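Take a look at the structure below.
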Amino acid sequence: MHVLLFAHRLDQDNALIRMLEQSGLEVTTCLTEEQFFENALTTYYQAVIIRHTGSWKSLVEHFKRWQAQGATSRYMVITRRSFLTERAKALAEGILYYYIEPCSYAQIVADIRADSSKVSTLRSTYFELDINSQTVYFKGTLLSLTRIQYAVLYALLRRPGIVLSRLQIWEEVWGYGKYPADNTVDVHIYRLRQKLHDEAGNLIKTVHGMGYVLADTA
């Protein structure tokens, strides 16, 4: 699978590029709008990823220009502009993949690979996670999770029985290549455990000196 990444600077996307390539995706990068359209309209990509740093108006104009050319790739936007109203407007415009950082790069990979005509679901003994709608059922009950809690659980549920270090969880959920200086991961694991009534850590186990693991029976 081939992915096109458009960003005016690539240094902030090293972790994203690494995640895409480690997932077996071929990545082409471009730095200008002219390069983007030259590539996007002459080569088929499973997805085009836009690093959005400009105005909302410029994004809409870019999307409509791309759409008018009849392109069929998934059009994905990553932004650090934390305005939920803009995300709602993006969905209304037809931009179905709009990620506000911090976000899970593993989720982006899953969305790229997903067959849009089907519902992609992860299931285990206790969990059912719908990737497309980002909803999670635990023992048949819908969980009310924050975006971060969902991303942490998704990272663990993808690899049940495998220990993930704090750094691995950090990179998958927040997308930064630099290890956090505080106990951010631990705090979100604690809050997720509260939602699961798993204060004893029977579902999400702590492996001291290593990280966290979703129990094999989960």
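Taken together, the values in this text are just the output of simple stated rules run on the coordinates, not laboratory data. Computed from a predicted model, the values in this text were never measured in an experiment. When we count neighbours, we look across all protein chains shown, and the Cβ atoms used for this are built from the backbone with ideal geometry, even at glycine.
Observations
- Share of pairwise Cα separations in segment 121-214, more than 24 Å, in percent: 13 percent
- Stretch gain in nm, segment TRP56-THR121, where the contour uses 0.36 nm per residue and the Cα spacing is subtracted: 20.2 nm
- Computed over the chain, the per-residue total of -39500 (n - 2.57) for DSSP H runs of n ≥ 4 gives a 222 nm mean residue ellipticity of -11000 deg cm²/dmol, rounded to 500.
- With the charge dipole of segment 2-101 set up from +1 on Lys and Arg Cβ and -1 on Asp and Glu Cβ about the Cα centre, the Cα lying farthest toward the positive end among the listed residues THR85, GLN22, TYR44 is that of THR85.
- Looking at segment 51-108, the chymotrypsin sites (Phe, Trp or Tyr not before Pro) that sit in a DSSP loop and have at most 12 other Cβ atoms within 10 Å of their own Cβ are PHE83.
- Compared with the direct C-alpha span, the chain from VAL187 to HIS2 gains 63.0 nm at full extension, assuming 0.36 nm per residue.
- Cα gyration tensor, segment 2-101 - rounded (a/c under 1.5), prolate or oblate: oblate
- Once C-alpha pairs closer than 8 Å and six or more residues apart are averaged by separation and normalised to the residue number of the chain, the relative contact order reads 16 percent.
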